[in-house]
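To start, the structure itself, in structure tokens.
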Amino acid sequence: MDWIRVAALWMLLMMRNIQEALVNALVHRDYLVNGSEVHIDMFDDRMVIYSPGGMPDGTLVQERVIDAIPSTRRNPVLADVFQRLGYMERKGSGLTKIINAYKNANNYDESKAPQFISSRVEFTVILKNLNYGENRDDKSEINGFAQGIEEYVQRTEEVFLNALRKNPYISRKELSKLLMISEDGVKYQLKKLKSKGLIEHIGASRGGYWEVK
């Protein structure tokens, strides 16, 4: 299997999960551990993100209920910087977001659930490739890649349309924070939806509202 196509597909379909895992690794790693660093290993069936330092309270994440883990930040200043940049929220919900995103995927099953493993000195996140399968020829893989891109585009449009339906007066900045993408990305998506005739902006650029067709 061509790992370049696998990597591209992961970035398209799972970029939010990857961002959450990377931010978690950078913000919560133990910077007092010398000679170590955050690193990523990519395989056909999974991506593994490793960071130095275990849970701040010394427990093992694999023995905890993820939703019940309180927000504890090893590096509060760094966390605040990432929050101000819009890459993370103030509450500790990153791992829960990853789990929920997997569960909402069409081809999810328990065998492909994300894994979180920690020890006293390290924290590892394993993101399974939801599109990985055995005995796939090149043609079926390429078709699956194209289908994955199409599904991603459709889901992205649905997310934007739902956000505009819920709050027609929402600003680009608010959309950027809500959907965890850059303001340039929001501008691009809105322009594309307008060109398709799916939305229309009513009123002035400031103070107007969005109408979903």
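None of the figures in this text is laboratory data; all of them are computed from the coordinates on show. Model, not experiment: these values are computed from the prediction. Cβ atoms come from the backbone with ideal geometry, glycine included; neighbour counts cover every protein chain shown.
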Karplus-derived HN-Hα couplings along region 38-43 (A = 6.51, B = -1.76, C = 1.60, θ = phi - 60°), whole Hz, x at Gly and Pro: 6, 9, 10, 10, 10, 10
Net length gained if the chain between E174 and T96 were fully extended (0.36 nm per residue, minus Cα distance): 25.9 nm
Whole-percent pair-distance distribution, where bins are 10 Å wide, for the alpha carbons of region 3-128: 12, 45, 35, 8, 0
Ranking of H28, H39, H201 by count of other Cβ atoms within 10 Å, fewest first: H39, H201, H28
Given charges at Cβ of Lys, Arg, Asp, Glu: region 3-128 dipole, positive-most of P56, F116, T96: T96
Cα centroid of region 35-102 to Cα centroid of region 175-213, whole Å: 31
